[in-house]
Each structure stands twice: as structure tokens, then as C-alpha cells.
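Asks: Mind having a look at this structure? Questions to follow.
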Amino acid sequence: MSILRLVSNADGPINSRCIQSVDLEINNSGEVPFEMLIHGYGIEGLFYIGLIHAGADEWVGVHDIMTNYSPFELVLVTNINNLAHTGVVFKIKNQGVLIAEYTQEDTMREN
């Protein structure tokens with residue numbers, strides 16, 4: 001199992017006060033399919049949960065995870081032990097307008 005975490009708060013480098021929603025683009029550049037469980041946590045606890053399947057050499061999109069300008073943490077958990085073939089683009093939006101992009105390189109990782 002591998003875990004990626006993207007954290008946003010009001011005073012951090014990823015400022016939650018400017019973020020209404022997040023889109024995810026998940027890439028499996030390897031030959032082995034995997035599943036990814038996506039959790040969104042906010043001040044009041046879990047606000048989003050989703051499960052995706054990424055086949056070999058496939059991109060999968062998850063759209064409009066609503067954060068509503070509140071601090072949040074997105075936790076992505078895979079059923080594989082190596083993130084070498086896993087790519088994630090976090091598309092940060094405000095009122096539907098893209099304002100920033102982050103990748104798996106910007107996350108906290110656990111293998």
C-alpha cells in the first residue's frame with residue numbers, strides 16, 4: 001500500500017482560502033493495474049470518498065471535489081507498494097477557474 005497526502009490550510013503554502021474545488025488526474029504509466037481510494041478530510045471530518053481503477057497506461061479523472069475554501073487534506077491510498085508508475089495532478093480551482101497545479105512530487109508520501 002502506498003499513500004499520498006496533499007494538505008491545504010489557511011496560512012500554508014497551499015492556501016485553502018482560495019480553493020473552492022480540486023480535480024484529480026491520476027496516471028498509471030505501468031503495466032499493472034491498481035485501485036486508488038480517495039479520502040477528503042476537512043474541519044468536520046470526512047467530506048469526500050471515492051474509489052478509482054487505473055488500468056495499465058491509463059489516465060483517470062476525478063472532478064469537482066468541493067473544498068469550499070476550508071482547510072482540507074486529500075489522502076490517496078493505492079493497493080500497490082511502489083509509486084514509481086503512479087502520477088497524480090491536483091488541479092486547484094476557484095469558481096471553475098484553474099489557479100494552480102500540484103503533482104505527486106508536492107505531496108507527503110508513505111510506502
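Only the coordinates and a few stated rules stand behind these numbers; no lab work does. The structure displayed is predicted, hence computed values, not measured ones. Here the Cβ positions follow ideal geometry from the backbone for every residue, glycine too, while neighbour counts run over all protein chains shown.
Asks: Return a whole-number percent for the relative contact order of segment 53-111, with Cα pairs under 8 Å and 6 or more residues apart as the contact set.
Replies: Rounded, it is 21 percent for segment 53-111.
Asks: Go through segment 20-30 residue by residue and turn each phi into a ³J(HN,Hα) via Karplus (6.51, -1.76, 1.60, θ = phi - 60°); whole Hz please, and just put x for glycine and proline.
Replies: 8, 7, 9, 10, 10, 10, 10, 10, 10, 8, x
Asks: Whole angstrom only: what separates the Cα centroid of segment 36-68 from the Cα centroid of segment 1-19?
Replies: Here the answer is 14 Å between Cα centres.
Asks: How large is the convex hull of the Cα atoms of the chain per residue, expressed in Å³ as a whole number?
Replies: Details: hull volume 9.6 nm³, N = 111.
Enclosed volume per residue, from the Cα hull, is 86 Å³.
Asks: Separate question: Restricting to Cα pairs below 8 Å that are 6+ residues apart, what does the relative contact order work out to for the chain? Please round to a whole percent.
Replies: 40
Asks: Taking amide hydrogens as modeled 1.01 Å from N in the peptide plane, which residues meet the under 5 Å criterion relative to VAL88, leaving out close sequence neighbours?
Replies: Residues meeting the amide H criterion: ASN27, GLN104.
Asks: With charges only on Cβ, +1 for K and R and -1 for D and E, what is the dipole size of the chain about its Cα centre, in debye, rounded to 20?
Replies: Working: 5 positive and 14 negative charges, 56 e Å.
For the chain, the charge dipole is close to 260 debye.
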